[in-house]
Structure formats: C-alpha cells, structure tokens
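What follows is a short report on a single structure.
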Amino acid sequence: MKKNTRYWSLLTFLFLIFLQACSPKKQNAAATAAATTTKQTTPETYYALDDFKSVKKFDTHVHINTTDPALIKQAEEDNFRLLTINVDAPHYPEIAEQQQLALIHVKAFPERIAYATTISVQNFNAPDWQNKTIAYLKDSFAKGAVAVKFWKNIGMELKDNKNKFVMVDNPQFDPIVDYITQNKKTLIAHLGEPRNCWLPLEKMTVNGDKNYYREHPQYHMYRHPEYPSYEQHIQARDHMVTKHPDVTFVGAHLGSLEWSVDELAKRLDKFPNMAVDMAARIPHFQYQAVKERQKVRDFFIKYQDRLIYATDLVFNKDKSSAEIRKQAHETWSRDWKFFTSDENMSVPSIEGTFTGLKVPREVVDKIYYQNAEKRFSGTRQNNGNTQ
C-alpha cells in the first residue's frame with residue numbers, strides 16, 4: 001500500500017505541474033516573450049509616416065535657379081540629397097549661369113547636392129557643333145557633373161537645314177551619347193511630353209497637365225498637328241536607346257509613358273539599362289490607382305530597381321526662402337504618404353480619391369535612394385549591373 005500511495009502522490013504532483021504550465025497566463029506570457037524576441041530580431045516590413053525624416057532620400061530632379069540655399073536647407077531637415085539639373089530651356093537662365101549656380105551650391109553643400117549639366121542645340125546645324133558640345137561636356141565633367149540632360153526642344157523645336165524636325169535618334173547625337181557613355185555618366189532625357197499633350201484640355205486626365213498646357217499653348221501639341229506625333233517621339237527615343245545599349249539612361253517624367261504602367265513596363269523589359277524618374281508625374285500613378293491600385297502597386301514591386309523618386313521642383317529668384325521650404329516639404333511629405341501608407345488620399349491634380357500604395361520598405365529604400373545612388377554617383381549601369 002505504501003508503494004501505491006507514493007506512486008499516486010508522484011502522479012498527482014506531476015499533473016499539477018502540467019496544469020500550471022498549460023494555464024492561459026503562462027501561455028500568454030510565453031507568446032508575449034516569443035513575439036518580443038521576433039520583433040527585436042526581425043525588421044518591420046513597412047515604414048510609417050513618422051519615419052519620413054529618419055530615412056535617407058534623394059530627389060533627383062530639381063532646378064535651383066537662384067543663389068538662395070533654402071531648398072538645400074529644407075533637404076537637410078527632411079533628410080534628402082538633391083540633383084539640380086541644367087536645362088536648355090528659354091524660360092531658364094542661360095546654361096552657363098545655371099552651371100555657375102549649381103557649382104556654388106555643390107561647393108557649399110557637397111554632401112547634400114550634385115548637379116547635371118546639359119547640352120545646347122543652338123547652332124546645331126553648324127559643322128563644329130559636335131566638337132563644341134563635347135568640349136563643354138568635358139569641362140562640365142571636370143567640374144563634377146554626374147549626368148547630362150537632353151530636353152524636349154529636341155523633337156519639338158529643333159529643325160535641320162531642310163526645316164524638318166530633328167528627333168533624338170538623329171545621327172548628329174550619336175557621338176554625344178557615346179561620349180557620355182564612355183565617361184560613365186548618366187543621360188537624363190525629357191523627350192516628348194505626356195500623352196495628354198495631344199488631347200484637348202477637357203479630355204486630359206490630370207489637372208496639372210490641363211493647367212500647364214493652358215498656360216503654355218506653344219507646347220500643347222493638340223493645337224499643332226504639323227508637329228511630330230506622340231508616337232514619333234516614343235519611337236525616336238526607343239531607337240536612340242537601341243543604338244546605345246550601354247548608356248545609363250533615365251527617362252525623365254516616366255519616360256513620357258506616364259499614362260500606362262503596362263506601356264512603361266514594356267520599355268523597362270526591353271531596355272535593361274533604362275530607368276525612369278517620377279518628376280511631376282506621380283499624379284499619373286495616383287490617377288491609375290483610383291481604379292487599379294493593386295496593379296500600380298504590383299508594378300512598383302516588380303520594377304523596384306528601375307524607378308527613381310523625383311519631383312521637378314523649380315525655384316527661381318521670385319520666391320522667398322519661406323515659400324521654397326514650405327512647397328518642398330509639403331510635396332515631399334505628400335509623396336511619402338502615397339508610397340508608405342494605405343490611407344485614403346486626395347490631391348489637387350486628380351479627381352476622386354485613392355489609397356496609398358504602402359509598398360515594402362525595401363522598395364521605398366530603392367526608389368527613394370539606392371537606385372539614384374547607382375546612377376548618379378559616377379558609376380555606370382551595364383545590362384542592369386553596376387560596373
């Protein structure tokens with residue numbers, strides 16, 4: 001009997017221990033400990049809105065046409081690097097002055113700003129145009145330019161000796177593109193315009209385009225059927241990239257394919273050295289996201305290595321420092337919300353509301369910084385790989 005009593009006492013003791021271990025409080029404590037350990041060792045999948053200032057970012061398309069460093073000061077506060085781009089545009093200062101302004105800022109804030117030079121198409125038909133252009137680029141590269149901008153006057157204004165429009169695939173440009181490639185610089189090209197440019201104002205998809213072409217009718221191609229068509233601009237650009245497969249190419253303004261993520265995907269698939277910046281075209285993503293948010297989000301995830309954040313902020317001498325800083329911060333904050341949250345949003349550029357894309361943080365890191373660093377730090381992309 002004593003042996004049986006000791007036996008049952010032992011079983012009872014073990015059973016009580018078992019019940020204690022299985023109690024809800026113990027289970028919850030164990031689960032909490034496991035969750036805490038996991039949270040400490042696994043990084044969060046997404047950024048929050050509050051992460052805005054702590055994350056390194058790069059706005060690769062701004063135009064600082066003033067000695068005022070207000071935009072750079074705001075970039076410091078919001079954790080941005082900047083690429084200020086010279087442009088062969090009639091409403092900008094002369095190209096030499098733009099470069100001088102850029103160099104002033106680069107010297108004062110070398111860790112915060114870089115600059116892209118440009119080419120002039122003045123005297124394009126002169127026999128020494130190529131040599132003079134290459135000489136200017138050589139000087140710009142020596143001064144620190146990390147990229148070269150081609151502007152939409154190629155294809156929309158420039159004409160040859162026979163009064164025909166000169167497109168970007170014209171052989172005159174081949175030595176220029178080759179020189180950019182050989183020097184491992186990036187070619188940024190604003191070629192053509194949004195497809196809305198060939199539509200009447202009332203049929204345009206975003207308000208920004210309606211306002212721009214209402215104010216700049218000379219660039220509203222719907223009014224000028226004698227000019228090259230939208231398709232001709234895209235074909236010429238594609239032909240130029242085909243002729244120069246080793247050039248690191250960034251299509252400014254979503255490569256003028258802003259209206260369709262499907263069409264943009266076709267070019268990114270075809271040209272491995274092509275990337276696009278989003279300058280002044282994020283509303284076109286938002287317009288598509290109103291009805292096809294998942295499709296737009298999937299596009300960002302699939303092509304996360306080829307998309308580069310940019311705004312096209314332009315500041316001249318006519319704006320105060322406070323105005324510059326306010327506009328930049330509001331623009332950057334609004335875009336961050338679109339990419340990092342799944343909140344319902346509305347913006348002045350489009351009708352209707354849409355939901356933020358809330359892409360994973362690794363996608364955010366690429367589109368906001370890493371992709372820009374690869375293309376604007378003096379290295380070159382070749383078939384999708386850094387040399």
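Taking helices (runs of 4 or more DSSP H) that fall entirely within segment 256-365, which contain at least 3 residues that are acidic (Asp, Glu)? Outline the logic, then answer.
Details: elements: 261-270, 282-302, 321-340, 361-365.
Ranges flagged: 261-270, 321-340.
Here is a list of conditions, (1) within 22 Å of the chain's Cα centre (by Cα); (2) closer than 16 Å to TRP198 by Cβ, and ARG214 meets all of them except one; can you say which number that is?
It fails just one condition, (1).
Residue by residue through segment 323-371, note down the ones that are acidic (Asp, Glu), surrounded by fewer than 17 Cβ atoms within 10 Å (Cβ to Cβ) and either closer than 23 Å to LYS302 by Cβ or modelled with pLDDT of 95 or more (or both). Steps first, please.
Keep residues of segment 323-371 that are acidic (Asp, Glu), which gives 323, 330, 335, 342-343, 351, 362, 365.
Filter once more, so that each one left must be surrounded by fewer than 17 Cβ atoms within 10 Å (Cβ to Cβ): 323, 330, 342-343, 351, 362, 365.
Listed by number, the residues that qualify are GLU323, GLU330, ASP342, GLU343, GLU362, ASP365.
Within segment 100-137, track down each residue that is basic (Lys, Arg) and surrounded by 13 or more Cβ atoms within 10 Å (Cβ to Cβ).
Scanning segment 100-137 gives ARG112, LYS132.
For segment 89-128, how many residues are of a type in the set (A, V, I, L, M, F, W, C) and in contact with a helix residue (DSSP H, G or I) (Cβ under 9 Å, 6 or more places away or on another chain)?
The qualifying residues number 11.
Hey, can you tell me all the residues within segment 69-96 that are over 24 Å from HIS253 (Cβ atoms) and surrounded by fewer than 19 Cβ atoms within 10 Å (Cβ to Cβ)?
Correct list: LYS73, GLU76, GLU77, ASN79, ALA96.
So in segment 272-320, with the set limited to residues that are acidic (Asp, Glu) and over 13 Å from the mean Cα position of the chain (by Cα), which one is nearest to ASN344 (Cα to Cα)?
GLU292
Where the second residue is of a type in the set (Ser, Thr, Tyr) and the first is under 18 Å from GLN286 (Cβ atoms) and lies in segment 200-219, which pairs have Cβ atoms under 7 Å and are six or more apart or on separate chains?
From segment 200-219, the pairs are THR205/TYR287; VAL206/TYR287; VAL206/SER349; ASN207/SER349; GLY208/SER349.
Of a type outside the set (A, V, I, L, M), surrounded by fewer than 21 Cβ atoms within 10 Å (Cβ to Cβ) and touching a Pro at 6+ places or on another chain (Cβ under 7 Å): which single residue out of ARG214, ARG267, ARG223 fits that description?
On the way: ARG214 fails: touching a Pro at 6+ places or on another chain (Cβ under 7 Å); ARG267 fails: touching a Pro at 6+ places or on another chain (Cβ under 7 Å).
On inspection, the qualifying residue turns out to be ARG223.
Could you list all residues from segment 241-263 that are under 18 Å from TRP198 (Cα atoms), within 15 Å of the chain's Cα centre (by Cα) and not hydroxyl-bearing (Ser, Thr, Tyr)? If you could, list the steps in order and put the result at the bottom.
Applying the first criterion (under 18 Å from TRP198 (Cα atoms)) to segment 241-263 yields 253-260, 263.
With within 15 Å of the chain's Cα centre (by Cα) added as a condition, the list becomes 253-258.
Within segment 241-263, HIS253, LEU254, GLY255, LEU257, GLU258 meet the criteria.
State whether one or more residues within segment 219-233 are among the hydroxyl-bearing types (Ser, Thr, Tyr) and under 25 Å from VAL347 (Cα atoms).
Yes, the conditions are met somewhere in segment 219-233.
Do you know which of the residues in segment 143-168 that are in contact (Cβ under 8 Å) with a residue 60 or more places away in the chain and touching a Lys or Arg at 6+ places or on another chain (Cβ under 9 Å) is farthest from ARG237 (Cα to Cα)?
VAL146
I need the full set of residues from segment 105-142 which are of a type in the set (Gly, Ala, Ser), assigned to a helix (DSSP H, G or I) and free of Cβ contacts under 8 Å to residues at least 40 places away in the same chain, in order please.
Answer for segment 105-142, where residues must be of a type in the set (Gly, Ala, Ser), assigned to a helix (DSSP H, G or I) and free of Cβ contacts under 8 Å to residues at least 40 places away in the same chain: ALA108, ALA135, ALA142.
Inside segment 286-305, can you point out the residues that are surrounded by 16 or more Cβ atoms within 10 Å (Cβ to Cβ), without any contact (Cβ under 8 Å) to a residue 60 or more places away in the chain and within 14 Å of ILE367 (Cα to Cα)?
Within segment 286-305, PHE299, TYR303 qualify.
Out of all the residues in segment 145-183, which are at positive phi and crowded, with 17+ Cβ neighbours inside 10 Å?
Result: GLY155, single match.
ALA279 is checked against (1) surrounded by fewer than 22 Cβ atoms within 10 Å (Cβ to Cβ); (2) at pLDDT 95 or above; (3) touching a helix residue (DSSP H, G or I) at 6+ places or on another chain (Cβ under 7 Å) and fails just one. What number does that condition carry?
Only one criterion in (1) surrounded by fewer than 22 Cβ atoms within 10 Å (Cβ to Cβ); (2) at pLDDT 95 or above; (3) touching a helix residue (DSSP H, G or I) at 6+ places or on another chain (Cβ under 7 Å) is unmet by ALA279, namely (1).
The values are calculated or read from the model by the stated rules, or taken from the named source; none is laboratory data. Predicted model, so just to flag it, every value in this text is computed and none were measured. Reconstructed Cβ throughout: ideal geometry from the backbone, glycine too, with neighbour counts over all protein chains shown.
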